[in-house]
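Q: Below is one structure. I have some questions about it.
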Amino acid sequence: MSTTDDKQTRKNAKHKASMEKQKSNVDARIEEASIERGVAILLTGNGKGKSSSAFGMVMRALGYGQKVGVVQFIKGQQLSGEEIYVREQCPQVTFYQMGTGFTWDTQDRSGDIEAAVRTWAVARPMLEDPSFDLVVLDELTYMLAYKYLPEDEVIAALANRPPEQSVVVTGRGGGAALQEIMDTVSEVKDVKHAFNAGIKARQGVDF
Ligand code: ATP
Ligand code: MG
């Protein structure tokens, strides 16, 4: 055997040993995770990928025939592909949108609060209904940041939801109290965004 072959054989054996070790570690961790219940997920940060990730989970849940509710806070003026798809192709999804457009468009604080409260009145019963497997509260964090909704009430509703129900909250920020009660918190980091290079928001990608 040549020295190159020898080197390859040693490299392969080392790789195999390392993979075996990794597998046993992962298997042990999987074995340890014994709690069966719904999870509360916060997708936050300044990068792109929060709402689209939430809709990825909607697709997963629908794949198993689960019952899904989606409530979108803020967005309303700009139609999105996910809205069109869910409304037209997924009659089994309970979908509600606040529908006032972005705050900096409306510039009407009392109108915004009214819309937020009306939208929360749709979201809250979902968080009390055990027939929902997955509830997505898209852009909810802004309602807390602007104090449009009472934080205590929102947090209590999230924390006291049915044990089998999972909930996904998206939006930048969200605050320490919200992060505290969520099981999974992922921060999407803005490394770079096409928009900053002058590239227009793209149908099917950005909305
Ligand atoms: P997406 O819906 O694409 O997953 P998101 O939910 O993470 O994005 P939002 O803050 O809700 O982000 O903004 C939605 C829109 O703004 C999308 O069109 C997205 O591409 C764009 N966007 C997100 N992050 C940035 C950013 N850092 N700079 C510029 N535009 C952004
Ligand atoms: Mg979003």
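The values are calculated or read from the model by the stated rules, or taken from the named source; none is laboratory data. Quick caveat: nothing in here was measured; it's all calculated off a predicted structure. Neighbour counts run over all protein chains shown; Cβ positions are idealised from the backbone, glycine included.
Q: I need the full set of residues from the range 40-57 which are near ligand 1 (Cβ under 8 Å from one of its atoms) and either in a strand (DSSP E or B) or of a type in the set (K, R) (or both), in order please.
A: Correct list: L43, K48, K50.
Q: Quick one: A176 ticks every box in (1) touching a helix residue (DSSP H, G or I) at 6+ places or on another chain (Cβ under 7 Å); (2) away from ligand 2 (no atom under 16 Å from the Cβ); (3) within 30 Å of A33 (Cα to Cα) except a single one, so which number is it?
A: (1)
Q: Okay, moving on. Hey, among I155, I199, which residue is loosely packed, with under 14 Cβ neighbours inside 10 Å and either within 15 Å of V71 (Cα to Cα) or among the β-branched types (V, I, T) (or both)? Spell out the reasoning first.
A: Numbers: I155 fails: loosely packed, with under 14 Cβ neighbours inside 10 Å.
Result of the check over I155, I199: I199.
Q: Something else now. Here are some conditions: (1) at pLDDT 90 or above; (2) within 16 Å of ligand 1 (Cβ to nearest atom). R87 meets all but one. Which one does it not meet?
A: Every condition holds for R87 apart from (2).
Q: Only one of Q66, Q77 is on the phi < 0 side of the Ramachandran plot, more than 19 Å from the chain's Cα centre (by Cα) and surrounded by fewer than 21 Cβ atoms within 10 Å (Cβ to Cβ); which?
A: Values: Q66 fails: more than 19 Å from the chain's Cα centre (by Cα).
Matching residue, one of Q66, Q77: Q77.
Q: Here's something else I'd like to know. Which is farther than 25 Å from D190 by Cα, among the basic types (K, R) and in a loop (DSSP other than H, G, I, E, B), of R60, R10, R37, R29? Can you show your working first?
A: Details: R60 fails: in a loop (DSSP other than H, G, I, E, B); R10 fails: in a loop (DSSP other than H, G, I, E, B); R29 fails: in a loop (DSSP other than H, G, I, E, B).
Sole residue among the options that is farther than 25 Å from D190 by Cα, among the basic types (K, R) and in a loop (DSSP other than H, G, I, E, B): R37.
Q: Does L140 count as closer than 23 Å to V58 by Cα, of a type outside the set (D, E) and within 14 Å of ligand 2 (Cβ to nearest atom)? Full working, then the answer.
A: Working: closer than 23 Å to V58 by Cα: yes; of a type outside the set (D, E): yes; within 14 Å of ligand 2 (Cβ to nearest atom): yes.
It is true that L140 is closer than 23 Å to V58 by Cα, of a type outside the set (D, E) and within 14 Å of ligand 2 (Cβ to nearest atom).
Q: Kindly provide the set of residues from the range 159-207 that are in contact with a strand residue (DSSP E or B) (Cβ under 6 Å, 6 or more places away or on another chain) and of a type in the set (A, V, I, L, M, F, W, C), ordered by number.
A: V167, V168, V169, M182, V185
Q: Considering each residue of the range 27-52, count those that are surrounded by 15 or more Cβ atoms within 10 Å (Cβ to Cβ) and among the polar types (S, T, N, Q), and give that number. Spell out the reasoning first.
A: Taking the range 27-52 and keeping what is surrounded by 15 or more Cβ atoms within 10 Å (Cβ to Cβ), we get 38, 40-45, 48-52.
Checking which are among the polar types (S, T, N, Q) leaves us with 44, 51-52.
Adding up the residues that qualify gives 3.
Residues checked against (1) without any contact (Cβ under 8 Å) to a residue 60 or more places away in the chain; (2) more than 15 Å from ligand 1 (Cβ to nearest atom); (3) part of a helix (DSSP H, G or I); (4) of a type in the set (S, T, N, Q):
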residue: Y148; (1), (2), (3), (4): yes, yes, no, no
residue: E164; (1), (2), (3), (4): no, yes, no, no
residue: V168; (1), (2), (3), (4): no, no, no, no
residue: G173; (1), (2), (3), (4): no, no, no, no
residue: I199; (1), (2), (3), (4): yes, no, no, no
residue: F207; (1), (2), (3), (4): no, no, no, no
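Q: Residues that are away from ligand 1 (no atom under 16 Å from the Cβ), small (G, A, S) and within 20 Å of G175 (Cα to Cα): does the range 120-127 have at least one?
A: First pass over the range 120-127, keeping only residues away from ligand 1 (no atom under 16 Å from the Cβ): 120-127.
Next, from what is left, pick out any that are small (G, A, S): 121, 123.
If we keep only those that are within 20 Å of G175 (Cα to Cα) as well, we get 123.
Yes: the range 120-127 contains one or more residues that are away from ligand 1 (no atom under 16 Å from the Cβ), small (G, A, S) and within 20 Å of G175 (Cα to Cα).
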